[in-house]
Ligand SMILES: COc1cccc(COC(=O)c2cn[nH]c2)c1
């Protein structure tokens, strides 16, 4: 998978080169190229923003700079492929595990990191004439820029790629794979600060253990994210589940 990131703070993306993702880059499972938006300015001040039409607080990122940068970075490759252009924004569609799975199937992702009050809308409208553009939110809060959201999304996507995680099974069993939150986990010692591990987990009865884990996941989901239960297809809840 090819990943390009356009930003005015390239150094913000350095963590992508550390640890697990760094190894994935070394193993050539992913390539990460970070591009400094200011390289596409032509004025002495390297201006990337300007005042908003219609007034209001803050600044808006200029279309010309983004247009040149995207033309340069998102050039069709040898077989005419263009990237999926992803713009992190509080005003975007929710980024979920399902989005991560969709992106993990793509050969090329390009991330546009907005700052200030956002990017001139014509940048997205113009790019959408050439490639699919997803305006995506990682949560209902406002960051200073899109860079942190890119770190989140790249990690969520890359961990799904074969060979990136040491233990691929965990990618399958993690939260949200069956639509429920993950229940509690335990490891040695059996007793810690007067707190014991639930007996069922040491029973060796895997049918009982699986049922206990599913009950814990259902209870936690009901308590913390009841709306996720509405999403579950009826056939995914058996009569035992409903009795909880
Ligand atoms: C594109 O325009 C802007 C403007 C302001 C901030 C940002 C950065 O993204 C977020 O703040 C965000 C992403 N998901 N949840 C919050 C982008």
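Fewest to most neighbouring Cβ within 10 Å: what's the order for 1, 61, 131?
Ordered by Cβ neighbours within 10 Å, fewest first: 131, 1, 61.
Under the definition of Cα pairs under 8 Å and six or more residues apart, what whole-number percent is the relative contact order of the chain? Before the final figure, lay out each step's value.
Details: 322 pairs, mean separation 45.9, N = 244.
Rounded, it is 19 percent for the chain.
Pull up the DSSP beta bridges for segment 2-158 and report the antiparallel fraction as a percent, rounded to 5.
Around 10 percent of the beta bridges assigned by DSSP in segment 2-158 are antiparallel ones.
Tell me, rounded to the nearest percent, the portion of alpha carbon pairs in segment 174-243 spaced more than 20 Å apart.
On the way: 879 of 2415 pairs.
The answer is 36 percent, as a whole percent.
In whole Å and largest first, what semi-axes does the C-alpha gyration tensor of the chain yield when each eigenvalue is scaled by 5 and square-rooted?
Value: 42, 21, 17 Å, ordered largest first.
Would you mind telling me which residue in 98, 190, 219 has the biggest mean-square fluctuation in a Gaussian network model of the chain, where springs connect alpha carbons within a distance under 10 angstrom?
Highest fluctuation of the listed residues: 190.
For 101, 159, 17, what's the fewest-to-most ordering of other Cβ within 10 Å of each Cβ?
17, 101, 159
Please report the antiparallel percentage of DSSP beta bridges with both residues in segment 1-80, rounded to the nearest 5.
Just about 25 percent of them are antiparallel.
Taking only C-alpha pairs under 8 Å that are 6+ residues apart, what is the relative contact order of segment 174-243 in percent? Can you show the working numbers first?
Numbers: 40 pairs, mean separation 25.5, N = 70.
Answer for segment 174-243 is 36 percent.
When a footprinting reagent is the concern and you count Cβ atoms within 10 Å, what order do 212, 66 take, fewest first?
212, 66
Relative to the first principal axis of the alpha-carbon coordinates of the chain, what is the inclination of helix 147-158, with its axis defined by its Cα atoms, in degrees from 0 to 90 and to the nearest 10?
50
Only the coordinates and a few stated rules stand behind these numbers; no lab work does. Predicted, not measured: the structure shown is a model, and the values here were computed from it. Reconstructed Cβ throughout: ideal geometry from the backbone, glycine too, with neighbour counts over all protein chains shown.
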